[in-house]
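Asks: Have a look at this one before I ask anything.
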Amino acid sequence: MRRPRNWSRALLLIWMGLVFVFLFLPILVVIIYSFNGGRNLYVWTEFSTRWYWVAVHNPRVVNALIVSLQAATISCAIAVCLGVPAGIALARRKGMWSPPFMVLLFIILGTPELVSAIGQMIWLDRIGLYDGLLRLAVGHSLFNLAVVILIVRARAEGLGEALEDAAADLGAVPWRAFMQITLPLMLPAVLASVLLSFILSFDDVIISLFVQRPGTSTLPIQILSSFKPGLKGDVAAIVVITLGVTLAGMLVAALMLRRSDKRGKFLGGALN
Amino acid sequence: MRIRIPRFSMAIPAMAWWAAFFIAPLGAIIYFSFGIKPSDPGAGVVDLTSLSFSNYIAATSEVYLTVFQITMRTAGLGTLACALVGFPVAYVLARHITTRWQPILLFLLVLPFWISFLLRTFAWRIILAPEGVLSHALQDIGLLSGPLSMLDTNSAVQLGIIYNYLPLMVLPMFVALDKIDPALIRGSMDLGAGPVRTFLSITLPLALPGILGGMVLTFILASGDYVVPAILGGAKGLMIGNLVATQILAAQNLPMGSAMAVILILMICGIVLSMLMLLMAFRWLLRTIAGPAVDARALSVAVAAETRERT
Amino acid sequence: MASDVRLDRVTKTYGDFHAVDDVSLHIQAGEFMSVLGSSGAGKSTVLKMVGGFELPDTGTITIGEQDVTFAPPYRRDVNTVFQSYALFPHMTVAENVAYGPRQDRVSRAERTTQVRDALDMVQLLHLANRKPDQLSGGQQQRVALARALVKRPSVLLLDEPLGALDRKLRQQMQVELKLLQHRLELTFMFVTHDQEEALAMSDRIAVMRNGRIEQIGSPVELYDEPRTAYVAGFIGSQNFIGGTIDTTNPEQLIADSGAVLAASRVAQGAATAVRAVAAVRPENVRLSHEKPTDGSNTIAGRIVTVVMLGDSLEYVLVTDQGQEYLARVPRFGDRLPETGEKVWMHWPRERTSLFSAEGLEQQEPRFAQDQGAQNSRAAG
């Protein structure tokens with residue numbers, strides 16, 4: 001009898017390979033073309049890093065980058081401060097309140113960003129919040145808050161209450177148990193959610209487009225507006241720089257997560 | 001002594017935040033959508049003295065309705081394409097990849113998410129450019145007679161939508177497939193069902209909620225998209241997002257934009273509901289094609305007799 | 001009709017891990033064969049290859065007259081009761097049971113009769129319209145059994161099917177399974193890590209270790225004439241006394257403590273082994289206050305704990321060298337020794353076997369296996 005060959009598996013694997021090529025081709029193309037020295041981005045002329053030079057010496061671009069980073073940081077801070085307690089409450093203090101709260105959360109996740117953005121614009125004008133940076137941070141914080149709550153809740157549920165009970169059994173008062181056991185174990189989840197919301201905020205176009213005030217354009221808005229006069233290499237260069245920064249940030253975060261994860265495992269192991 | 005604090009106290013700040021900056025703005029949109037744009041530019045952005053449906057009537061005029069229709073079609077087709085293209089990928093990831101490679105491939109799958117949405121969309125302008133490499137290559141092998149003219153049309157938008165939301169569609173499908181205990185598949189095969197029957201009677205029914213969840217998510221995001229049509233669509237590839245943005249940012253017609261946003265939400269709700277109904281119908285179809293497993297009446301007689309005997 | 005199952009020199013590796021290493025096994029038609037081993041011994045892989053869920057790297061598998069080595073699961077006349085039961089969560093009990101006959105295009109009326117009979121057989125007919133998650137573990141187990149048996153396979157594979165049940169239910173199911181196998185005259189291949197279960201149910205047992213079969217035999221053979229120290233320790237409980245074989249008399253072991261122990265059975269390979277062990281079962285050991293003079297094997301020790309087992313008492317003794325041994329003594333008779341006393345444990349030569357010590361270190365510690373000693377630990 002002959003060993004059967006798994007043709008369908010081979011076909012599926014090829015399909016997956018093609019999809020991955022499809023997903024990564026555009027990214028590769030931008031990276032390559034950012035080194036195109038020609039005046040027209042589409043037509044390759046020569047290898048050059050001159051557009052990088054042009055991009056970083058454009059004060060509007062640098063300003064937009066700073067605005068983006070500031071807005072992302074503030075919105076992350078808001079999302080984490082409000083989201084971590086709420087996520088833990090969802091996991092540990094379930095009650096009548098939790099199902100409606102989850103419904104609200106999913107409505108926020110499911111509302112088209114466009115609609116949310118218009119609402120922000122109207123409402124922030126109405127209540128007289130005209131500070132450009134704060135407007136961006138508040139606008140980004142809504143979705144980010146939902147993301148933080150979801151991640152923290154999943155982690156808190158995964159941890160279970162046994163560890164806190166064990167700490168209580170060993171004589172730790174509740175807030176100590178929380179500070180010494182729960183919080184350190186939650187750290188990877190909190191970091192992951194910070195990372196995710198930071199990038200979501202940094203990458204956001206629609207909310208920023210609507211709530212921005214003159215002078216506080218984020219980087220994506222700056223890029224978007226430079227499409228109109230015609231594409232040049234500097235846009236690709238900015239985009240590749242942000243890609244590099246994002247990847248570096250992810251690498252740092254991944255390393256931090258790994259370290260804290262090890263610690264988490266060690267603690268969990270010691271208490272089991 | 002202990003002070004009783006409500007169980008949700010730790011969630012109060014989050015609720016308050018959302019109430020102040022999500023629910024209130026949503027209310028504001030609805031309220032504004034019934035107002036009119038003041039004719040005098042100095043009188044503020046909206047005139048709310050006499051509320052009416054005039055914006056809704058204007059927003060459902062033929063011109064706008066066509067764009068709404070195109071938006072729904074583009075988002076719907078994009079969602080369907082994402083599901084069809086993505087399902088085999090999710091299936092491979094859940095079934096045929098060893099646990100060593102699985103996290104790496106999943107990481108690669110979500111990697112594009114971490115790279116600017118704008119960048120990814122903008123890259124297609126380079127790829128699809130009439131004077132670009134792809135265009136030349138297709139002309140050289142004779143598949144095209146003239147330069148590639150996909151940019152600034154609806155098909156480019158369609159492509160961009162599929163490209164941007166594909167990973168988002170694969171993830172929930174992967175989770176749904178991965179959750180299915182492989183022993184169930186073995187069990188089905190063990191009982192004599194071949195791969196196709198196993199897929200139709202075990203895998204698909206169990207994965208269906210996850211597939212649908214991914215489709216709903218993708219559809220919502222795609223139908224409210226602004227970036228893809230703005231970058232790839234040009235004047236011919238408009239979607240409702242661009243129209244709303246134009247109304248508000250360019251024409252300064254806030255009430256009209258608000259009304260269009262409300263209509264967008266209603267349409268999405270309608271389509272999501274009909275997708276859920278489609279799921280029910282699909283389940284029913286799967287069961288009907290298979291036919292009932294046993295003669296329910298004959299079995300229930302035996303069951304009833306047995307139950308009586310036991311009590 | 002029951003079929004025989006024949007594995008001929010079957011090997012399966014995952015990377016460089018030899019899950020199953022050159023295994024040959026012949027299960028007679030109508031036989032209840034258990035494959036026994038600790039986790040990682042390869043027993044589940046053997047079962048999966050017979051079921052068709054894994055393909056062997058080399059070797060052949062035959063069921064009845066048919067070579068099924070590479071046949072897919074749906075083309076084999078075997079059915080499996082899975083460890084986790086693998087009941088389809090979106091189908092009712094009746095639909096689960098009807099799934100198999102349906103794949104064979106059995107008519108609906110016929111199917112209904114078959115489902116009814118199968119559920120009746122496991123006494124679950126009254127739950128036919130429930131969903132699996134509405135059933136208890138024992139009930140799910142029976143549904144899995146009915147689902148596998150409804151197709152009347154010539155061989156039934158059982159992958160630790162009783163593992164998730166509590167002790168009482170497990171013992172009840174053991175009897176039921178055995179009766180069912182008799183009545184249906186089916187070939188059963190039963191994979192388990194529970195030696196008591198294997199002893200209670202099987203016609204023959206194959207003990208596996210490191211992907212190889214260590215010994216095949218009836219429960220009595222394995223209990224009375226284990227071929228290796230591993231099997232001796234795995235089946236039932238056993239005292240092992242380490243030492244070296246007496247160079248002048250291969251039927252004697254010179255224990256590490258200096259005691260000379262005589263044996264009537266010397267297992268293959270023991271005489272040439274660098275290190276050897278003498279094995280005696282706790283139930284064959286007697287205790288006395290004076291050193292016996294009838295020439296039986298003796299070891300002195302102090303009693304540290306006594307565990308009440310009902311009809312007998314289990315003593316835990318510690319020697320001066322710190323070794324722990326067990327003695328299981330009937331409760332009637334002489335004045336029974338008490339905790340703290342110094343006693344002699346003794347047993348006849350006929351109850352002693354010598355083995356090579358190889359493979360013993362792999363065993364779980366004896367005390368973890370032995371219920372009585374476990375209790376004593378907990379109490380101490």
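Asks: Within the range C:103-116, restricting attention to residues that are touching a residue at least 24 places away in the same chain (Cβ under 8 Å) and open to solvent by 10 Å² or more (accessible area, probe 1.4 Å), which residue is nearest to the other protein chains (Cβ to nearest Cβ)?
Replies: That would be C:Gln103.
Asks: Applying the selection to the range C:163-201, what residues are closer than 24 Å to C:Asp224 by Cα, small (Gly, Ala, Ser) and touching a Phe, Trp or Tyr at 6+ places or on another chain (Cβ under 9 Å)?
Replies: C:Ala198
Asks: Would you point out the residue of the range A:194-216, among those that are within 13 Å of chain B (Cβ to nearest Cβ) and of a type in the set (Gly, Ala, Ser), that is farthest from B:Val110 (Cα to Cα)?
Replies: Ranking the candidates gives A:Ser208 first.
Asks: Here's something else I'd like to know. Can you say whether B:Thr153 is more than 7 Å from every other protein chain (Cβ to nearest Cβ), out of contact with any strand residue (DSSP E or B) (no Cβ under 9 Å at 6 or more places or on another chain), open to solvent by less than 10 Å² (accessible area, probe 1.4 Å) and among the polar types (S, T, N, Q), as far as the supplied structure shows?
Replies: Numbers: more than 7 Å from every other protein chain (Cβ to nearest Cβ): yes; out of contact with any strand residue (DSSP E or B) (no Cβ under 9 Å at 6 or more places or on another chain): yes; open to solvent by less than 10 Å² (accessible area, probe 1.4 Å): no; among the polar types (S, T, N, Q): yes.
No: the conditions fail for B:Thr153.
Asks: Kindly indicate which of B:Pro112, B:Pro88 is under 30 Å from A:Asn40 (Cβ atoms), within 9 Å of chain A (Cβ to nearest Cβ) and either in contact (Cβ under 8 Å) with a residue 12 or more places away in the chain or in contact with a helix residue (DSSP H, G or I) (Cβ under 8 Å, 6 or more places away or on another chain) (or both).
Replies: B:Pro112
Asks: Let me ask you something else. Being open to solvent by 40 Å² or more (accessible area, probe 1.4 Å), polar (S, T, N, Q) and within 7 Å of another protein chain (Cβ to nearest Cβ) is the filter here, so list the residues in the range C:70-97 that pass it.
Replies: Passing the criteria: only C:Ser84.
Asks: Taking the condition more than 7 Å from every other protein chain (Cβ to nearest Cβ), touching a helix residue (DSSP H, G or I) at 6+ places or on another chain (Cβ under 7 Å) and in a helix (DSSP H, G or I), does A:Trp123 pass?
Replies: No: the conditions fail for A:Trp123.
Asks: Report yes if some residue within the range A:84-95 is farther than 14 Å from B:Arg7 by Cα, within 13 Å of chain B (Cβ to nearest Cβ) and assigned to a helix (DSSP H, G or I); otherwise report no. So that I can check it myself, show each step before the final result.
Replies: Start the filter on the range A:84-95 by keeping residues that are farther than 14 Å from B:Arg7 by Cα, which leaves A:84.
With within 13 Å of chain B (Cβ to nearest Cβ) added as a condition, the list becomes A:84.
Cutting the leftovers down to assigned to a helix (DSSP H, G or I) gives us A:84.
So far as the range A:84-95 goes, yes, one or more of its residues are farther than 14 Å from B:Arg7 by Cα, within 13 Å of chain B (Cβ to nearest Cβ) and assigned to a helix (DSSP H, G or I).
Asks: Another one. Checking the structure you have, find out if any residue of the range B:25-41 is in contact (Cβ under 8 Å) with a residue 40 or more places away in the chain, small (Gly, Ala, Ser) and more than 9 Å from every other protein chain (Cβ to nearest Cβ).
Replies: Yes, because at least one residue in the range B:25-41 is in contact (Cβ under 8 Å) with a residue 40 or more places away in the chain, small (Gly, Ala, Ser) and more than 9 Å from every other protein chain (Cβ to nearest Cβ).
Asks: Residues that are at pLDDT 90 or above, open to solvent by less than 20 Å² (accessible area, probe 1.4 Å) and within 11 Å of chain A (Cβ to nearest Cβ), at least 2 per element: which helices (runs of 4 or more DSSP H) completely within the range B:178-238 meet that?
Replies: Answer list for the range B:178-238: B:204-223.
Asks: Report whether or not C:Ala279 is under 28 Å from the mean Cα position of the chain (by Cα) and outside any strand (DSSP E or B).
Replies: So C:Ala279 fails the test.
Asks: Taking the residues in the range B:292-304 that are among the small types (Gly, Ala, Ser) and at the interface with another protein chain (Cβ under 7 Å from one of its Cβ atoms) as candidates, determine which candidate is farthest from the chain's Cα centre (by Cα).
Replies: Here the residue is B:Ala302.
To keep it simple, each residue is scored yes or no on (1) under 16 Å from the mean Cα position of the chain (by Cα); (2) on the phi > 0 side of the Ramachandran plot; (3) open to solvent by 30 Å² or more (accessible area, probe 1.4 Å).
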| site | (1), (2), (3) |
| --- | --- |
| B:Gly241 | yes, no, no |
| B:Thr246 | no, no, yes |
| B:Gln252 | no, yes, yes |
| B:Met260 | no, no, no |
| B:Ile263 | no, no, no |
| B:Ile268 | yes, no, no |
| B:Leu273 | yes, no, yes |
| B:Ala281 | no, no, yes |
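Asks: If you don't mind, another one. Within the range C:117-130, how many residues turn out to be more than 11 Å from B:Ala302 (Cα to Cα) and either open to solvent by 80 Å² or more (accessible area, probe 1.4 Å) or within 7 Å of chain B (Cβ to nearest Cβ) (or both)?
Replies: Summing the residues that are more than 11 Å from B:Ala302 (Cα to Cα) and either open to solvent by 80 Å² or more (accessible area, probe 1.4 Å) or within 7 Å of chain B (Cβ to nearest Cβ) (or both) in the range C:117-130 gives 3.
Asks: Still on this structure: For C:Gly100, state whether it is away from every other protein chain (no Cβ under 11 Å), part of a helix (DSSP H, G or I) and either of a type in the set (D, E, K, R) or over 26 Å from C:Asp8 (Cβ atoms) (or both).
Replies: No, not satisfied.
Asks: Only one residue in B:Thr246, B:Thr307 is within 14 Å of chain C (Cβ to nearest Cβ), assigned to a helix (DSSP H, G or I) and either touching a residue at least 24 places away in the same chain (Cβ under 8 Å) or β-branched (Val, Ile, Thr) (or both), so which one is that?
Replies: From the options B:Thr246, B:Thr307, the qualifying one is B:Thr307.
Here's the yes/no breakdown for (1) not assigned by TED's automatic domain parsing to the domain that holds C:Val329; (2) not charged (D, E, K, R):
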position	(1), (2)
C:Ala206	yes, yes
C:Arg212	yes, no
C:Gly217	yes, yes
C:Asp246	no, no
C:Gly258	no, yes
C:Leu261	no, yes
C:Val304	no, yes
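Asks: Please work out which one of (1) over 15 Å from C:Phe190 (Cα atoms); (2) assigned to a loop (DSSP other than H, G, I, E, B); (3) of a type in the set (Gly, Ala, Ser) is the condition C:Gly30 fails and give its number.
Replies: (1)
Asks: Still on this structure, I have one more. When both residues are 6+ apart or on different chains and their Cβ atoms are under 9 Å apart, which pairs have a first residue that lies in the range A:239-251 and is within 11 Å of chain B (Cβ to nearest Cβ), and a second that is among the acidic types (Asp, Glu) and part of a helix (DSSP H, G or I)?
Replies: Sorted first by the residue in the range A:239-251, then by its partner, the pairs are A:Thr242/A:Asp203; A:Thr246/A:Asp203.
Asks: Out of the range C:52-67, which residues are more than 8 Å from every other protein chain (Cβ to nearest Cβ) and open to solvent by less than 40 Å² (accessible area, probe 1.4 Å)?
Replies: C:Pro56, C:Gly59, C:Ile61, C:Thr62, C:Ile63, C:Gly64
Asks: Still on this model: Inside the range B:24-110, counting only helices (runs of 4 or more DSSP H) that do not spill past its ends, which hold 2 or more residues that are at pLDDT 85 or above and charged (D, E, K, R)? First the steps, then the outcome.
Replies: Details: elements: B:24-33, B:54-59, B:62-95, B:102-110.
Of the helices (runs of 4 or more DSSP H) lying wholly inside the range B:24-110, those with at least 2 residues that are at pLDDT 85 or above and charged (D, E, K, R) span B:62-95.
Asks: Still on this structure, I have one more. Can you find a residue in the range A:52-62 that is part of a helix (DSSP H, G or I), farther than 23 Å from A:Asp234 by Cβ, of a type outside the set (S, T, N, Q) and open to solvent by 20 Å² or more (accessible area, probe 1.4 Å)?
Replies: no
Asks: How about the range C:143-171: which of its residues are surrounded by 24 or more Cβ atoms within 10 Å (Cβ to Cβ) and either among the basic types (Lys, Arg) or free of Cβ contacts under 8 Å to residues at least 12 places away in the same chain (or both)?
Replies: C:Arg147
Asks: Which is closer than 27 Å to B:Leu159 by Cβ and open to solvent by 70 Å² or more (accessible area, probe 1.4 Å), of B:Leu93, B:Leu77?
Replies: B:Leu77
Asks: Go through the range C:300-325 and report how many residues are within 13 Å of C:Met345 (Cα to Cα), touching a Leu at 6+ places or on another chain (Cβ under 8 Å) and open to solvent by less than 20 Å² (accessible area, probe 1.4 Å).
Replies: 7
Asks: I'd like the residue in the range A:1-51 that is open to solvent by less than 40 Å² (accessible area, probe 1.4 Å) and more than 8 Å from chain B (Cβ to nearest Cβ) and, out of all such residues, is modelled with the lowest pLDDT.
Replies: A:Gly38
The values are calculated or read from the model by the stated rules, or taken from the named source; none is laboratory data. Please read all numbers here as calculations on a predicted model, not as lab measurements. A quick note on method: Cβ atoms are made from the backbone with ideal geometry, for glycine too, and the neighbour counts reach across all protein chains shown. With ligands, DNA and RNA removed, areas are computed over all heavy atoms of the protein, side chains included. Shrake-Rupley method; radii C 1.70, N 1.55, O 1.52, S 1.80 Å.
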